[in-house]
Structure formats: structure tokens, C-alpha cells
């Protein structure tokens, strides 16, 4: 990296086409580059300083304010958990800090995936400087008109393009003296720069990042070069360490500026099944034992119970409300209606699902809850069968298999979903046994309403992974769940356009062994497998046939044991759309999911 050698500038219309007033020789913040290049550039640079003592002092005050604010944000996040009444993610406003558990569980990063965009890095061959931008118009303009000397090196890290719960705005300034940009997430530092550095032109919010550490977030480090009056930023840990080791005399390390989104982080957005740490299987037996036992790991170390600490089920109360009003699922982001012991919203009330607006029909109940504006919302709806299934605790041995339990909570029975089967039937999810099945819409079942969505934008995309016999694009990337699936059932081969061959039949133990022997793959749990059912299709097969063509088996195994009768295990049927259980020795298909590192 070379320090600024010119006062020329890159002037950007943040929402339109860039205007170039020079060759960008010293514009923007830098990101990465080799330590050797940076060391040589620093020693060779003889550019007169453009900073003043007053500037240096003002920027130093700003850095101290930023560090103090970052520490305060971390403390506020911890306190929000300790209070037991943390504001649900969906209710947070820009700059408002979430509970620490929401960062640690990846819930904040998971929400931000809908707005995650890359930051692109350029290398200037003439000066050794780097420039980074989130603006694709700016990126493409530089590639088209300024290459060389600028070489696009790709995406360096990621940020959120718009507000996402738990994140804060990052402010962008333009230094008219040095021709570089300055970024801060600290409102105190922003105010300090505005008040003390008039040659720093405020350009507004550049993007959004986090003031609190957490899963799916990486530190964004900042250095200050006093002799030049500009900052250097990096999200590269090795680069940060190299600068501290080799250039400490030139680059003053100011610590973490904020936390950006990890480009390589892939979130799994389903709660776990609730199967516990003593509910794993061993070879040649239906007896469940401790998942730490070597007999379980030798059979398969990625059984459902082995993954108990990944995405544990957790519900948060919305600020100012109680569990009989509403609660939020920290993993999916859905907000669920609470239940009362009696009255209109009594948990024990049942309804038909005819859609006739009768007092005893779910359609009338939805209208009544929205008229009441429960928890301040008027967009309550019937959940899908999958959304209901995310609440099931398959590790429970006594119903109801969801929380909260009791007269004002979850009932031991079937709940209506919004999914239609065929004719006069609709899908239900049962909290008595965890099954997803159809029922006549004229029958009365329980109802619990929901608001929010688990998906924004297209669901499936395709990429390639090495798998014996498969052609390219054999991997399905699922934006709804964050999972990656092989397109074909085991025994079949992806030829580039469809699945060919014959799907294999496996017992559940054979399925676990087969998955164990496929490096990088595992047998999905029942919620993950159930997420692939497409209940918008009213005829077989009930799965997206573009993503998963040539269905070769009517059902597929999950890794989830049937804890109430360990001779059985959970499977999903893709002709009926049902989630149920069958004997572990029954011949059934296998569809594998990637192990998320």
C-alpha cells in the first residue's frame, strides 16, 4: 500500500454514476495487499504531510470516542440478555443494540443475509494503493475506464447494504485535503469529526455493520498514519498482524472499528430439533445412548443429537409484552402469537379451516386477532406447516412437543397451517407427536398465528461440488434455510440436466453409515428434510422439480430418532408432503446435505 501522493479525488454520487476528477491515485480506504509491497511503499514515500497537529489530535479524540462507544455497545448487549426482556430483533431500530445472545447465536448475521453485499477491492499498479467500494456502478466504471492501472482483485469482505436488526449505520466522510475516505460507526466520533474537521465532507451512510461481536461477523481493524492524516482499514487478520509487526512506526493501530459480515459465513436458519445429548444411536441397536459415547460417533458423528448446540430453539419476549401476548423465534425471526387461558385467544379453542368467516373458523380468528392489533401488529396470519414444524421439540418424550406448555400455551394436538393439500384437505402440524399431515378442513383443530417471513427473494441457486459421477451444478443452495443439498438421491447421478439411475433403498442405520462415508456430507435432521417439501404443489411430487428432478423414492430418511419408540425414526414423504415416522429397517431413500463448517 502506498500512502497518498496527490490531492486529487474520487467524487462519487452514491446512488448513480461516479465522476472521476483524476486517476484515483490516492482515493478510498485500502484493503489487503502484501506486507512487502506496503513496507517498500512506506519507506520510499516522501510525500509532504497533509495533516496538522490539530487534525491529528481531533482524530485521536475520535478514535478514543469510537473505542468507548464500542465497549458500551458490548456491555449494553450483555445487559439486554441479563434483563430477561430483550427487544426482539424485528422490533429494533437502526443503531439499537440487540441482546448479546442474538449476536452469539448468529441471529443478527442471519437477518443481515438479506442485505449482505460485497466490498470490492482494487489494486493500483502505478501507486501500490488500494481502493475499495460497495458500489457496483463505480466498480464497473473503474474496470471499464481505469484498468490499467487499476486491477480488480475481487470481494474483500461484506457489509449490509441497508438497515438490518442489530446493525448500525457506518458514516462516510471525504477528506478534501488527502483525497481519501474516512469511515466510522460511532455516533460520537461522527459528531467530533463534523465539529472539528471542516475539510472532512460528510457523505452520509455508506453501509451497515455491527458494534458488537458475534457469529458471522469479523473485526474490521483501523490504523492511523499520523504523517499523512489518513486511516487504513482491513478485515484481514493476517494483514493486520503483519502491519503491527512490520510497520508499527508508520501505522498506529487503533483497534477494532466495528464488525463486518463474514463473506464466507453460511447460516443455517432452522432451529434444531430439540433432540438431546443422550439421544444418539449406536450400530446394531435401537437403544439411545450418550452422544459422546464412541459407539455413536463410530456409527455417525453427525447424528441429530451430536448437533444439539447448533441453533438451539430459543424464544424471546417482545419488549413490554408477556408470553401470553407474543414471542419471537431467535433463529427464524418469526413472531408468534401467545395464548391466554380463556376468552377469544384461549389456547384450547379450536377452529375449522373452511375460509367462510364463521365464528368457529380460522379465517374469522385471524381477522379478530388483527382487529385487536395484538402486540401492536395487524399482519397476523396462519403459519405454513414448516413454520409450525420449526417449533416442534422432537426430543420431548411427553406431549405437547413445543413451548410454552400448559392451558395458556401449546396444546397436545394438531394445529392448522395455511398449506392446502387437495380437495377439502389442508396440512396440520401436530404438537402431540410432531407429525405433519393432512386433515379435512371441516375438522376443528388448534390455531396459533404468526407474522414475518423466513425468506426474502429467490430460494434456490446452483453450484458445483466434487461428487463421484456428478456433472457441474450438482449442488442446491437454499436461501430459505442456508443449507446446501445434493440434487440427486443417493444411487442416482446428476448428468447436468437431470438425475439418472436408480435411487437406493436404505435402512436408517445404513443411511447413517452411507452418509458417514461421504466426506463433507451428512444425513439431514427432520426439520431440515421437511423444509424441502413444496406444499404449494397440490400434486406429486411435492418438491421443487427444477432443483430436485427425477424423484426416485417416495420418501427419505432423516437423522432424527423417534424417541418415544426407538425402533422407529423420522422420514419425509415427497409424494404426500407428510412428515412422519417409520420402522428403522424399512427401505427408504437418502438425500444428503452438506456439513456446514
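Points worth noting:
- In segment 93-124, the residue that is farthest from residue 483 (Cα to Cα) out of those that are touching a helix residue (DSSP H, G or I) at 6+ places or on another chain (Cβ under 9 Å) and assigned to a loop (DSSP other than H, G, I, E, B) is 95.
- Of residues in segment 467-486 being in a loop (DSSP other than H, G, I, E, B) and under 25 Å from the mean Cα position of the chain (by Cα), the one surrounded by the fewest Cβ atoms within 10 Å (Cβ to Cβ): 473
- Index of the failed condition, residue 375 passing every other in (1) surrounded by 16 or more Cβ atoms within 10 Å (Cβ to Cβ); (2) farther than 22 Å from residue 400 by Cα; (3) more than 28 Å from the chain's Cα centre (by Cα); (4) in contact (Cβ under 8 Å) with a residue 24 or more places away in the chain: (3)
- Residues of segment 553-569 that turn out to be farther than 15 Å from residue 528 by Cα, touching a strand residue (DSSP E or B) at 6+ places or on another chain (Cβ under 9 Å) and crowded, with 18+ Cβ neighbours inside 10 Å, as a count: 3
- Test: residue 220 is surrounded by fewer than 22 Cβ atoms within 10 Å (Cβ to Cβ), in contact with a strand residue (DSSP E or B) (Cβ under 6 Å, 6 or more places away or on another chain) and in the same structural domain as residue 114 (by TED's automatic domain parsing): no
- Test: residue in segment 300-319 that is within 27 Å of the chain's Cα centre (by Cα), outside the structural domain of residue 521 (by TED's automatic domain parsing), more than 20 Å from residue 570 (Cβ to Cβ) and surrounded by fewer than 13 Cβ atoms within 10 Å (Cβ to Cβ): yes
- Residue within segment 468-482 that is on the phi > 0 side of the Ramachandran plot and either assigned by TED's automatic domain parsing to the domain that holds residue 380 or without any contact (Cβ under 8 Å) to a residue 24 or more places away in the chain (or both) present: yes
- Restricting 489, 455 to residues that are within 30 Å of residue 345 (Cβ to Cβ) and either touching a helix residue (DSSP H, G or I) at 6+ places or on another chain (Cβ under 8 Å) or in a loop (DSSP other than H, G, I, E, B) (or both) narrows the list to 455.
Table: residues versus (1) in contact with a strand residue (DSSP E or B) (Cβ under 7 Å, 6 or more places away or on another chain); (2) at pLDDT below 85.
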| site | (1), (2) |
| --- | --- |
| 70 | yes, no |
| 78 | no, no |
| 84 | no, yes |
| 90 | yes, yes |
| 108 | yes, no |
| 112 | yes, no |
| 132 | yes, yes |
| 137 | no, no |
| 141 | no, no |
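The values are calculated or read from the model by the stated rules, or taken from the named source; none is laboratory data. Quantities reported herein were computed from a predicted structural model and do not represent experimental measurements. Because the Cβ atoms are built from the backbone with ideal geometry, glycine has one as well, and the counts that use them run over all protein chains shown.
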